Amino acid sequence: MKRRGFTLVEMTIVTVIMAMIIIGTATLFSGTIRSFTHTRNQYDSDMSASIALQIVNRDLQEAKQVAILSSTKIRVYYPKLEVDGTYNRTVLDSVNTVDFFRGDEDGTEDANGKCLVRKPAVGTMRPICKDVTLLEFTSISPSSVDISLRTERKTDTVVMQTNMIHRAIFLRNY
(Lines give C-alpha, C1' and ligand atoms only; values in the text may rest on other atoms or scores of the structure.)
Protein backbone atom coordinates (compact mmCIF):
# COMPACT_ATOMS: atom_id res chain seq x y z
CA MET A 1 0.00 0.00 0.00
CA LYS A 2 1.33 3.47 -0.93
CA ARG A 3 1.86 6.07 1.76
CA ARG A 4 0.11 9.34 1.08
CA GLY A 5 0.78 11.48 4.17
CA PHE A 6 2.82 11.94 7.29
CA THR A 7 2.47 9.94 10.44
CA LEU A 8 1.60 11.57 13.75
CA VAL A 9 5.15 10.96 15.01
CA GLU A 10 6.66 12.75 12.00
CA MET A 11 4.33 15.72 12.43
CA THR A 12 5.14 15.94 16.14
CA ILE A 13 8.89 15.92 15.46
CA VAL A 14 8.56 18.67 12.80
CA THR A 15 6.35 20.75 15.13
CA VAL A 16 8.86 20.46 18.00
CA ILE A 17 11.78 21.41 15.73
CA MET A 18 9.87 24.41 14.31
CA ALA A 19 8.86 25.52 17.83
CA MET A 20 12.51 25.36 18.95
CA ILE A 21 13.59 27.44 15.94
CA ILE A 22 10.85 30.03 16.55
CA ILE A 23 11.60 30.27 20.29
CA GLY A 24 15.36 30.60 19.61
CA THR A 25 14.76 33.31 17.01
CA ALA A 26 12.36 35.21 19.30
CA THR A 27 14.85 35.03 22.19
CA LEU A 28 17.66 36.29 19.97
CA PHE A 29 15.47 39.09 18.61
CA SER A 30 14.33 40.10 22.11
CA GLY A 31 17.94 40.18 23.36
CA THR A 32 18.98 42.28 20.38
CA ILE A 33 16.20 44.81 21.02
CA ARG A 34 17.13 45.04 24.74
CA SER A 35 20.79 45.51 23.86
CA PHE A 36 19.97 48.19 21.27
CA THR A 37 17.73 50.06 23.74
CA HIS A 38 20.39 49.90 26.45
CA THR A 39 23.10 51.12 24.06
CA ARG A 40 20.91 53.94 22.72
CA ASN A 41 20.00 55.13 26.23
CA GLN A 42 23.64 55.03 27.35
CA TYR A 43 24.65 56.97 24.23
CA ASP A 44 21.93 59.57 24.89
CA SER A 45 23.06 59.94 28.50
CA ASP A 46 26.73 60.27 27.47
CA MET A 47 25.97 62.80 24.73
CA SER A 48 23.76 64.91 27.00
CA ALA A 49 26.51 65.18 29.62
CA SER A 50 29.19 65.79 26.99
CA ILE A 51 27.25 68.58 25.28
CA ALA A 52 26.52 70.22 28.64
CA LEU A 53 30.22 70.24 29.52
CA GLN A 54 31.04 71.70 26.10
CA ILE A 55 28.58 74.55 26.72
CA VAL A 56 30.06 75.26 30.16
CA ASN A 57 33.58 74.99 28.72
CA ARG A 58 32.79 77.47 25.93
CA ASP A 59 31.59 80.06 28.44
CA LEU A 60 34.51 79.46 30.78
CA GLN A 61 37.06 79.87 28.00
CA GLU A 62 35.78 83.39 27.31
CA ALA A 63 35.63 84.30 31.01
CA LYS A 64 37.71 86.89 32.77
CA GLN A 65 36.74 85.68 36.22
CA VAL A 66 34.70 82.87 37.77
CA ALA A 67 33.08 82.91 41.19
CA ILE A 68 32.20 79.58 42.78
CA LEU A 69 29.07 80.55 44.72
CA SER A 70 28.50 77.03 46.07
CA SER A 71 29.59 73.52 45.20
CA THR A 72 26.69 73.37 42.72
CA LYS A 73 26.76 76.94 41.35
CA ILE A 74 29.25 79.16 39.53
CA ARG A 75 29.01 82.64 38.07
CA VAL A 76 31.02 83.48 34.97
CA TYR A 77 32.19 87.07 34.44
CA TYR A 78 33.40 88.27 31.04
CA PRO A 79 35.64 91.14 30.03
CA LYS A 80 33.82 94.29 28.99
CA LEU A 81 32.58 94.12 25.42
CA GLU A 82 33.38 97.27 23.46
CA VAL A 83 31.13 98.83 20.83
CA ASP A 84 33.26 97.41 18.02
CA GLY A 85 32.70 93.85 19.37
CA THR A 86 36.14 93.32 20.90
CA TYR A 87 36.86 92.54 24.54
CA ASN A 88 38.53 95.09 26.79
CA ARG A 89 40.42 92.52 28.84
CA THR A 90 41.38 95.04 31.52
CA VAL A 91 37.76 95.78 32.53
CA LEU A 92 35.38 93.28 34.15
CA ASP A 93 31.75 93.31 32.96
CA SER A 94 29.82 92.70 36.18
CA VAL A 95 26.42 93.04 34.47
CA ASN A 96 26.48 90.44 31.69
CA THR A 97 27.21 87.32 33.70
CA VAL A 98 26.17 83.70 33.28
CA ASP A 99 25.27 81.36 36.12
CA PHE A 100 25.51 77.58 35.91
CA PHE A 101 23.80 75.65 38.67
CA ARG A 102 21.96 72.50 39.59
CA GLY A 103 18.24 73.05 39.60
CA ASP A 104 14.85 72.16 38.20
CA GLU A 105 13.66 72.40 34.59
CA ASP A 106 11.84 75.64 35.36
CA GLY A 107 15.15 77.28 36.37
CA THR A 108 14.62 77.11 40.11
CA GLU A 109 17.92 76.64 41.88
CA ASP A 110 17.94 73.39 43.87
CA ALA A 111 21.06 71.57 45.09
CA ASN A 112 19.17 68.29 44.57
CA GLY A 113 17.59 69.27 41.23
CA LYS A 114 17.77 67.02 38.19
CA CYS A 115 19.09 69.59 35.69
CA LEU A 116 22.21 71.58 34.93
CA VAL A 117 20.87 75.06 34.18
CA ARG A 118 22.52 77.91 32.25
CA LYS A 119 21.08 81.26 33.29
CA PRO A 120 22.46 84.46 31.78
CA ALA A 121 21.85 87.74 33.64
CA VAL A 122 20.31 89.08 30.44
CA GLY A 123 18.42 86.55 28.36
CA THR A 124 16.62 83.29 28.80
CA MET A 125 17.60 80.50 31.16
CA ARG A 126 17.62 76.95 29.86
CA PRO A 127 18.39 73.53 31.22
CA ILE A 128 21.38 72.17 29.31
CA CYS A 129 21.46 68.69 30.85
CA LYS A 130 18.77 66.56 32.45
CA ASP A 131 18.91 63.51 34.72
CA VAL A 132 21.73 65.07 36.80
CA THR A 133 22.57 63.20 40.01
CA LEU A 134 25.83 65.02 40.81
CA LEU A 135 27.19 68.44 39.89
CA GLU A 136 30.22 69.89 41.58
CA PHE A 137 32.39 72.90 40.80
CA THR A 138 35.82 73.26 42.41
CA SER A 139 38.87 75.38 41.76
CA ILE A 140 42.48 75.15 42.82
CA SER A 141 43.55 78.33 41.03
CA PRO A 142 41.80 81.50 39.88
CA SER A 143 42.38 80.61 36.22
CA SER A 144 40.75 77.18 36.18
CA VAL A 145 37.64 75.31 37.24
CA ASP A 146 37.08 71.59 37.70
CA ILE A 147 33.62 70.25 36.92
CA SER A 148 32.23 66.88 37.99
CA LEU A 149 28.96 65.84 36.37
CA ARG A 150 27.04 62.60 36.74
CA THR A 151 23.85 61.77 34.90
CA GLU A 152 21.66 58.76 35.43
CA ARG A 153 18.99 57.51 33.06
CA LYS A 154 16.66 54.73 34.18
CA THR A 155 14.73 52.28 32.06
CA ASP A 156 12.48 49.41 33.09
CA THR A 157 15.39 47.06 33.68
CA VAL A 158 18.64 49.04 33.78
CA VAL A 159 20.16 52.26 35.09
CA MET A 160 22.62 53.98 32.73
CA GLN A 161 25.12 56.26 34.42
CA THR A 162 27.56 58.75 32.93
CA ASN A 163 30.39 60.19 35.02
CA MET A 164 32.34 63.08 33.53
CA ILE A 165 35.09 65.13 35.06
CA HIS A 166 36.44 68.09 33.15
CA ARG A 167 39.58 69.48 34.68
CA ALA A 168 41.73 72.55 34.24
CA ILE A 169 39.52 74.75 32.13
CA PHE A 170 41.76 77.75 31.64
CA LEU A 171 40.13 81.12 31.35
CA ARG A 172 41.37 82.72 28.15
CA ASN A 173 40.77 86.30 29.33
CA TYR A 174 42.08 85.87 32.87
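Some points to look at:
- Of the residues making up the range 110-169, those that are polar (S, T, N, Q) and closer than 18 Å to residue 61 by Cα are 138, 139, 141, 143, 144, 148.
- Taken together, the criteria exclude residue 70 from residues that are hydroxyl-bearing (Ser, Thr, Tyr) and either modelled with pLDDT under 90 or buried (at least 18 other Cβ atoms within 10 Å of the Cβ) (or both).
- Test: residue in the range 87-96 that is of a type in the set (Asp, Glu), surrounded by 14 or more Cβ atoms within 10 Å (Cβ to Cβ) and under 23 Å from the mean Cα position of the chain (by Cα): no
- Residue identified as at pLDDT below 90 and surrounded by fewer than 17 Cβ atoms within 10 Å (Cβ to Cβ) among 142, 120: 142
- Here is the figure for the range 97-110: residues that are within 18 Å of the chain's Cα centre (by Cα) and within 26 Å of residue 64 (Cα to Cα) total 5.
- The criterion of at least 3 residues that are among the aliphatic types (A, V, I, L, M), touching a residue at least 12 places away in the same chain (Cβ under 8 Å) and under 30 Å from residue 34 (Cα atoms) is met, among strands (runs of 3 or more DSSP E) falling completely within the range 62-157, by 132-138.
The values are calculated or read from the model by the stated rules, or taken from the named source; none is laboratory data. Nothing here was measured: the structure is a model prediction, and the numbers come from that model. Using ideal geometry, Cβ is built from the backbone for each residue, glycine included, and neighbour counts are taken over all protein chains shown.
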